[in-house]
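In what follows, a structure is listed as structure tokens, so that the remarks can point back to it.
Each reported figure results from applying straightforward, stated rules to the coordinates on display, with no laboratory input. Since the model is a prediction, treat every value here as computed from it, not as a measurement. Neighbour counts are summed over all protein chains in view; Cβ atoms, including those assigned to glycine, are modelled from backbone coordinates with ideal geometry.
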Amino acid sequence: MMWLMLDIFLCVLVPVTLDAEFKRREDLFLKNLGLSSKPDPVSPPSVPPILWKIFKERMGNPSQKKKHNLCYVDEFKIPGNIIRVLPDHGKFILPQTSTKQPTLCLEKRLFFNMSVMGNAEKVTMGRLEVRFSHNTYHGNVFDLRLYRILQMSLKGMGSHKLNRKLLMAQSFRLLHKSLYFNLTEICQIWMDPLHNVGLVLEIYTRNDASRTTNALESCRDIQTFLYTSLLVVSLDSQQCRSPRKKRSYVKLPFTASNICRKRRLYVEFRDVGWQKWVIAPRGYLANYCFGECPFPLTELLNGTNHAILQTLIHSIDSEDIPLPCCVPIKMSPISMLFYDNCDNVVLRHYENMAVDECGCR
């Protein structure tokens, strides 16, 4: 993946005649990032504070980054290397007028598009947030019921005809801005699109609401300022394989310009036209390897036994046997905060994105 990024960056520095080749390499790299194409956010949501917090902890202090397990989310104490915040695409259902108590203030279908997740991902956490951006000073008590829809109703039929199952019920006061519900098992089921038909959220006034204030006035505080979202943490095990044990390498005591070594390369996402969808970082120190692997090849050039033997054969038959190549031998990961193809905010960890050391292979 690192070499794809390097190719993309270098293509920007050459004439426009290579636009098609740049596009091909860009598409290939985006596919490795888990994106079908370059995102083009239309009305992107704001980044939730929890994602900023996790990102800053992972990337803010380079000295601590190596000690941090980027395939484990410390904030939630679960494994995971991809965090998404999915917006609710459901619609409000107009409650039927009734004089019965308790009063139904709000009925809403909730739907979260889980199709953006890859087949290799395993859901390790799903958390529904029900947030009220406006608080009252009365602290009125409401009852909340959350149902999972098991089967869709026919078109034109009301929600009372839905085949649904009660997941949870609780009382709350509107003094709290957010309520959180564990939907991990539901999200695991929703990985199969045929089983994802959404939820139903109902909020009622308590029977004693009329004693303190008009029930309809209490309902307005709920109906006007409701926001729901789903935070999903998943683990792509292919990105979290245990690193192979490496032999110890001796650092070069010299910096000859033509000798294989690490060269500095800072990738600015604006330079490759990604500033619209990559939220953070704005760029990173990718570096690259360049230089010759001359004969005799000693361990000072971090060469393998095979590379040392290849240089020996090259000294005998230089036309048919090339010298070893200068390549990365140690790389480090980065975390990226970005909008995906559905305008979802995603925090994802990517291995092998920055070159730390080079050697002859």
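Can you tell me what the convex hull of the Cα atoms of the range 272-329 projects to on average, as an area in nm²?
6.1 nm²
If amide H atoms are built 1.01 Å from N in the plane of the peptide, which residues on other chains or at least 5 residues away come under 5 Å of the amide H of Cys105?
Placed amide hydrogens put Ile203, Tyr204, Thr205 under 5 Å from Cys105.
Using amide H atoms built in the peptide plane, which far-off residues or other-chain residues are under 5 Å from Cys358 H to H?
Excluding prolines and chain starts, which carry no amide H, the hits are Lys262, Ile329.
Taking amide H positions as placed 1.01 Å from N in the peptide plane, with prolines and chain starts having none, which residues 5 or more places from Gly80, or on another chain, fall under 5 Å of its amide H?
For Gly80, whose amide H was placed from the backbone, the distant partners under 5 Å are Tyr72, Val73.
Per-residue HN-Hα couplings for the range 185-196, Karplus 6.51 cos²θ - 1.76 cosθ + 1.60 at θ = phi - 60°, whole Hz, x for Gly and Pro?
After applying 6.51 cos²θ - 1.76 cosθ + 1.60, I find 5, 5, 5, 5, 5, 5, 4, 8, x, 5, 9, 9 Hz.
Once the Cβ-Cβ distance between Asp27 and Asn258 is put in as r, and R0 is 25 Å, what FRET efficiency do you end up with, to the nearest 0.05?
For Asp27 and Asn258, the calculated efficiency is 0.10.
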